[in-house]
Amino acid sequence: MIYQAFGAVLPSFIMMFVGYIYGKLFKEDITLFNKIATWLMAPIVTFAFMNDYIPTAGVLLRYGMGFSVMFAISFLISRLHKEDREIFFTSNVYVNSGYLGYPVLMALWGERALALGVVYSFVNVFVGSTLLPALIRGKLELKNILKLPFLYAIILGWGFGIAGISYKQLPAGVLTAFNWLKEMAIPFLLLQVGLGISRIKFETSSIKGYSFVVVERLLLIPLMLLPIAFFFEPLEAKVFLLECAMPIGVNSVVVIGAFKKELVPKAGMTVALTTLFSLVTLPFWAYVIERIFG
């Protein structure tokens, strides 16, 4: 299983590495690329899998409760770090559950796992846009949610699915174009992650602090959440734990920069390091999870 898990993770890292190399070779602005990823590719994947696999209220409730526990644990752990507390808090909450999580889940456990990953990502983005800024900046910013196309894709895909309307009912030519976009979305998103990392300015100081972030995000947090997963169905548990073991999302740098710009270089380094080390830790967790939940 561990070889299968490594084989499932490796293609995603190759795509990110390709994006990173091209980001270093070509210094042009990548804003348009980022907008395509945010406003087209991610919503396409989200809509399609929410429409194909309609999550129940129970799944949303269980994932919401599980993520709430992770949020509380992350907040408490961050209080132990007097220096760079904001980085530790944000890093343990804002994970790369979508751009990296989707292809890994798809490779390991198929489309139903990816559909559950979409639900997890929704909870992740929701909390990351509301409660996270609320506890760091002292005010609740609900309006941030409305700026995310991700939310509208979930509502549309879920709503149409409940109404019995499927995107597969589109006229043949339109459906073909839609499927092309859906199939190219995940590779595109992985390239975008690599491009994003290529634009991060690395800071080589504070190695001890970076080590703590890597260990907490990739090992400690998933381990502490393992007991919660026993309250889920087996596939739900596997997806929940593997998503909790994902590296830090690139967007966390944006979140950090919103309230403490001087920490942006350090935040960028934590994204790069956790992404690199997750090439080892994700196969490990996939193996452990499969042994426990079958």
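Comparing VAL174, VAL104, VAL69 in a Gaussian network model of the chain, where Cα atoms under 10 Å apart are tied by springs, the biggest mean-square fluctuation is seen for VAL174.
Just by accessible area at a 1.4 angstrom probe, what is the order of LYS24, LYS201, LYS266, LYS82 from largest to smallest? Don't skip to the end; give the middle numbers.
Numbers: LYS24 80, LYS201 165, LYS266 30, LYS82 200 Å².
So the residues, ranked largest to smallest area, are LYS82, LYS201, LYS24, LYS266.
The fraction of Cα-Cα pairs per 5 angstrom bin, counted from 0 for segment 69-113, comes to 5, 23, 19, 13, 13, 14, 9, 4, 1 percent, rounded to whole percents. Placing +1 on the Cβ of every Lys and Arg and -1 on the Cβ of every Asp and Glu, with no other charges, gives segment 147-294 a dipole of roughly 420 debye about its Cα centre. Among the chymotrypsin sites (Phe, Trp or Tyr not before Pro) in segment 11-57, those placed in a DSSP loop whose Cβ has at most 14 other Cβ atoms within 10 Å are PHE26.
Rounded to the nearest 500 deg cm²/dmol, what is the calculated helix-only ellipticity per residue at 222 nm for the chain, with -39500 (n - 2.57) per DSSP H run of length n ≥ 4? The partial results should precede the final answer.
Details: 16 runs with 220 residues, N = 294.
Dividing the helical sum by the residues of the chain leaves -24000 deg cm²/dmol.
For TRP285, the solvent-accessible surface with a 1.4 Å probe is about 20 Å², rounded to the nearest 10.
By a 1.4 Å probe calculation restricted to protein chains, ASP29 has an accessible surface near 130 Å², given to the nearest 10.
Counting alpha carbon pairs within less than 8 Å and at least 6 residues apart, what relative contact order, in whole percent, applies to the chain? All intermediate terms of the calculation are to be shown ahead of the outcome.
Working: 391 pairs, mean separation 98.3, N = 294.
This gives 33 percent for the chain.
Mind checking which of ALA48, ALA172, ALA113 has the largest fluctuation in a GNM of the chain, springs on alpha carbons under 10 Å? Comparing ALA48, ALA172, ALA113 in a Gaussian network model of the chain, the most mobile one is ALA172. Spin-label model, ALA57 to LEU80: label points 7 Å out along the Cα-to-beta-carbon direction sit 3.8 nm apart. For the chain, modelled as a GNM whose springs connect Cα atoms under 10 angstrom apart, the maximal fluctuation among PRO149, PRO227, PRO43 occurs at PRO227. For the chain, the solvent-accessible area of protein heavy atoms averages 46 Å² per residue (probe radius 1.4 Å; ligands and nucleic acids excluded). Dipole magnitude for the chain: about 600 debye, using +1 per Lys or Arg Cβ and -1 per Asp or Glu Cβ, origin at the Cα centre. For the chain, the carbon plus sulfur part of the accessible surface works out to 70%, probe radius 1.4 Å. Put a dot 7 Å past the Cα of THR31, heading toward its Cβ, do the same for ILE207, and the two dots end up 3.8 nm apart. For the chain, the spread of Cα positions along the three principal axes, ordered from largest to smallest, is 56, 47, 44 Å.
Each 5 Å bin from 0 upward holds the following percent of the Cα-Cα pairs of segment 49-139: 3, 14, 21, 22, 17, 11, 8, 4, 1, 0.
In this structure the amide hydrogen of VAL95, modeled in the peptide plane, comes within under 5 Å of the amide hydrogens of GLY249, none closer than 5 places in sequence on its chain.
Each of PHE49, ILE77, LEU282 was scored by the projection of its Cα onto the charge dipole of the chain, and the greatest displacement toward the positive side belongs to ILE77; charges sit on the C-beta of Lys, Arg, Asp and Glu.
The values are calculated or read from the model by the stated rules, or taken from the named source; none is laboratory data. Bear in mind the structure is a predicted one, so any value in this text is a computation, not a measurement. Heads up, the Cβs are rebuilt from the backbone with ideal geometry, glycines too, and the neighbour counts pull from every protein chain shown. Heavy atoms of the whole protein, side chains included, go into the accessibility calculation; ligands, DNA and RNA do not. Shrake-Rupley method; radii C 1.70, N 1.55, O 1.52, S 1.80 Å.
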